[in-house]
Structure formats: structure tokens, C-alpha cells
Amino acid sequence: MQVPVPFDLERVVRSHGWYDLAPWRWDPARRILTRPLLLSTGRVVQAEVAEAGPAELALRVTARGRVAAAEAAEARLALRTSLALDEDLEPFRARARQIEGNDGPRPVQVALDRGLGRLLRSPTVFEDAVKTLCTTNCSWGLTRSMVTRLVEELGEQGPAGRAFPSAQAMASRSERFFRDHVRVGYRAPYFRALARSVASGGLDVEGWRDPTIPTADLERRIRALLGFGPYATEHLMRLLGRHEGLALDSWTRRKVAELRGRRRPPSDATIEKWFRPWGEWAGLAMWLEATADWHEDAPAWP
């Protein structure tokens, strides 16, 4: 697979916490990203991606039995989507040069020069939406546990692990199942409502990747989902390539305050004012600034 230049697989993979959630697996020693993929045919294949050169990734797809050309093509598209390879960052780069200039701190330009700017996301919007719900009002350890149990309980078995469950698999389960077995707490009705809407065909979340949908319209659609307040809505929009919102949580508020020399986190209105000049790229600029120490020559991975 051809990739934009510059591009750093590890830095993109570890740009935020999704690589740490099942069924993704990142091997830092071999620099290989893997996961089971549930294809449209209902078959689960194992996909592995690694760097093959400065502008190319190698993709390997395995399954029980022969992998058809159409299956390989679907897996390739899923990984391109997951690595946001088709997202155009040149307008963002131009905005960074305009705002940061050539003197003083240039955290966003440095991040872009190191191959960052793309965020690992899921092959489906449905998976991103479910995982986003798992990040609300809890620790990262609890997020990881909920997602792991969800995959173990409902994911289709593949040649090297279980895939993320389909909307149909989740829709067939009761709220009690999500509370008692997956132990998602108050999220149980949100999971079931989302899964049933998608499984029935009444809600086309995959269509939300369409860049022609006005941002305000997309935000309205996401906010209509049960459990999606301001943070969850802006977080999911970020994974859809819409970076206007900051998706502020306790960690980002604290981190941005520290970087800007504040003893206490300022108000959300103040943070929004700081990043307002970035316009449609405000959320991505804030994220790259907040995570700058993750991507230095000696990364301080969380």
C-alpha cells in the first residue's frame, strides 16, 4: 500500500489509545500492526501491516483456506481506512506554517514532519462509536477491560483471535447481558440501542465518512445517539476526520494547562479560544500539542 510522505507507522498507530484496545495488537519490536477483520461475507481474516519502505506498507492477509482476491481487496481498504491514509493533511500543514511561523515552539509542524497527523481508527464507524462510549466517565483500564470482554463474548472467531462484534451480534443481546457479562454499567442501553439501529438498517453510520456531509449536520446526527454528549460526539467526529471540536476531557484539560504554564486547568472557553485560530483543524492541533512528548526521539508513551 502506498502511503503519504512523511509517514511513520508506529507514531500513527500510537497517536492515541486505540491500538491498545482489542482486537488491535501492536508489536513494538517487529513494528507490526495486526487484527482480525470481519469481512462483509461474514468471514474473519487476520490482517498484518508493516513498513516496507519510506512510502509503502506491506499487507498480509491470512485465513482458514484460500483468501479470495475480493477479500484481500476488502482487507486492504479496511486498513487504509484505519490508518487514515486518504486524509489530506496539506491544508493543515499550511495552516500550521501560518500560525506557528518559523521561530519559537512549533509542536504541530514538528509532529507533521515526523509523519504524524493521522489517527488510528477502526475499520468501521460502528466500532469507533462503541469504543467511544467505552471511554466516557471512566479510567483507561476500565475502557480496555470493557472492550476486551465485548470482543471475547461476542466477537467472531478467526484464525488468530476474535474480531470486533458486528452490530447484529450485539443487537441480539439484552441490556442485562451487557450489564452482567460485559459489565459496561450505564452504557448497556446505549450499546443495545446503537446496535439495533445499525443492524436493522435504520441508521447508516458507515455513511458518515462521506466528506460532503456538512459538519453541523454530522454533529447533529451523532448527538442524537443515546449516550453521546459533547465529548463523545467530538471524539467520534475526530475519528471521522472532522477536527473542529476539541473533545476535551480531564486528561487533555490538565495536559494543555501544563504545557501552557497554568497551575490549574483553565475553563473550556479559554482552551477553545487558544485553538480557535486553527479553525477546522483546532482539535487535531490541540491533540498534537498535548501528545508532543509521545513522539519525540525518546518517546514518553503513556
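The values are calculated or read from the model by the stated rules, or taken from the named source; none is laboratory data. Computed from a predicted model, the values in this text were never measured in an experiment. Backbone-built Cβ (ideal geometry, glycine too); neighbour counts: all protein chains shown.
Hey, any hits in the stretch 199-211 for a residue that's crowded, with 17+ Cβ neighbours inside 10 Å and hydroxyl-bearing (Ser, Thr, Tyr)? Checked against the condition, which is being crowded, with 17+ Cβ neighbours inside 10 Å and hydroxyl-bearing (Ser, Thr, Tyr), the stretch 199-211 yields no hits at all. Kindly indicate whether residue 186 is of a type in the set (Ser, Thr, Tyr), assigned to a helix (DSSP H, G or I) and touching a residue at least 60 places away in the same chain (Cβ under 8 Å). Against the criterion (of a type in the set (Ser, Thr, Tyr), assigned to a helix (DSSP H, G or I) and touching a residue at least 60 places away in the same chain (Cβ under 8 Å)), residue 186 does not qualify. Of the residues screened, residue 18 is not one that is aromatic (Phe, Trp, Tyr), in contact (Cβ under 8 Å) with a residue 60 or more places away in the chain and more than 30 Å from residue 277 (Cβ to Cβ).
Looking at this structure, is residue 150 of a type outside the set (Phe, Trp, Tyr) and touching a helix residue (DSSP H, G or I) at 6+ places or on another chain (Cβ under 8 Å)? Taking the combined requirement at face value, the residue satisfies it.
Just wondering, is there one or more residues in the stretch 64-71 that are at pLDDT 95 or above, more than 30 Å from residue 280 (Cβ to Cβ) and either crowded, with 18+ Cβ neighbours inside 10 Å or basic (Lys, Arg) (or both)? Yes, the stretch 64-71 contains at least one residue that is at pLDDT 95 or above, more than 30 Å from residue 280 (Cβ to Cβ) and either crowded, with 18+ Cβ neighbours inside 10 Å or basic (Lys, Arg) (or both).
Residue count for the stretch 228-253 under the criterion of being part of a helix (DSSP H, G or I) and surrounded by 14 or more Cβ atoms within 10 Å (Cβ to Cβ): the result is 12.
If you go through the stretch 129-154 and pick out every residue that is among the charged types (D, E, K, R), surrounded by fewer than 21 Cβ atoms within 10 Å (Cβ to Cβ) and either closer than 27 Å to residue 210 by Cα or in contact with an Asp or Glu (Cβ under 7 Å, 6 or more places away or on another chain) (or both), you end up with 1. Listed by first and then second residue, the pairs linking a residue in the stretch 133-146 that is basic (Lys, Arg) to a residue that is part of a helix (DSSP H, G or I), with Cβ atoms under 8 Å apart and 6 or more places separating them unless they lie on different chains, are 144/20. The listed residues are 50, 84, 55, and the only one of them that is at pLDDT below 95 and either under 21 Å from residue 116 (Cβ atoms) or among the basic types (Lys, Arg) (or both) turns out to be 55. A search for C-beta distances below 8 Å between a residue of the stretch 242-263 that is without any contact (Cβ under 8 Å) to a residue 24 or more places away in the chain and any residue that is surrounded by fewer than 18 Cβ atoms within 10 Å (Cβ to Cβ) and charged (D, E, K, R), counting only pairs 6+ apart in sequence or on different chains, returns 248/268; 253/268; 257/263; 257/264. Filtered by the rule that a residue be more than 21 Å from residue 232 (Cβ to Cβ), of a type in the set (Lys, Arg) and not in a loop (DSSP other than H, G, I, E, B), the stretch 254-302 gives 273, 276.
Exactly one residue out of 287, 281 is crowded, with 18+ Cβ neighbours inside 10 Å and in contact with a Lys or Arg (Cβ under 6 Å, 6 or more places away or on another chain), and it is 281.
Just one of the listed residues (3, 12) is surrounded by 14 or more Cβ atoms within 10 Å (Cβ to Cβ) and either modelled with pLDDT of 95 or more or out of contact with any helix residue (DSSP H, G or I) (no Cβ under 9 Å at 6 or more places or on another chain) (or both), namely 12. Answer yes or no as to whether residue 198 is within 21 Å of residue 14 (Cβ to Cβ), over 16 Å from the mean Cα position of the chain (by Cα) and not charged (D, E, K, R). Taking the combined requirement at face value, the residue does not satisfy it.
As a summary of the residue check, residue 192 satisfies the conditions (1) free of Cβ contacts under 8 Å to residues at least 24 places away in the same chain; (2) touching a helix residue (DSSP H, G or I) at 6+ places or on another chain (Cβ under 7 Å); (3) part of a loop (DSSP other than H, G, I, E, B) except for the one numbered (3). Evaluated against (1) in contact with a Leu (Cβ under 7 Å, 6 or more places away or on another chain); (2) surrounded by fewer than 19 Cβ atoms within 10 Å (Cβ to Cβ); (3) under 15 Å from residue 124 (Cβ atoms), residue 19 falls short on exactly one condition, (3). State all residues of the stretch 182-198 that are under 18 Å from residue 22 (Cα atoms) and surrounded by 15 or more Cβ atoms within 10 Å (Cβ to Cβ); if no residue qualifies, say none. Result: 182, 184, 191.
Selection of the stretch 205-220 for residues being assigned to a loop (DSSP other than H, G, I, E, B) and not charged (D, E, K, R) yields 211, 212, 213, 214.
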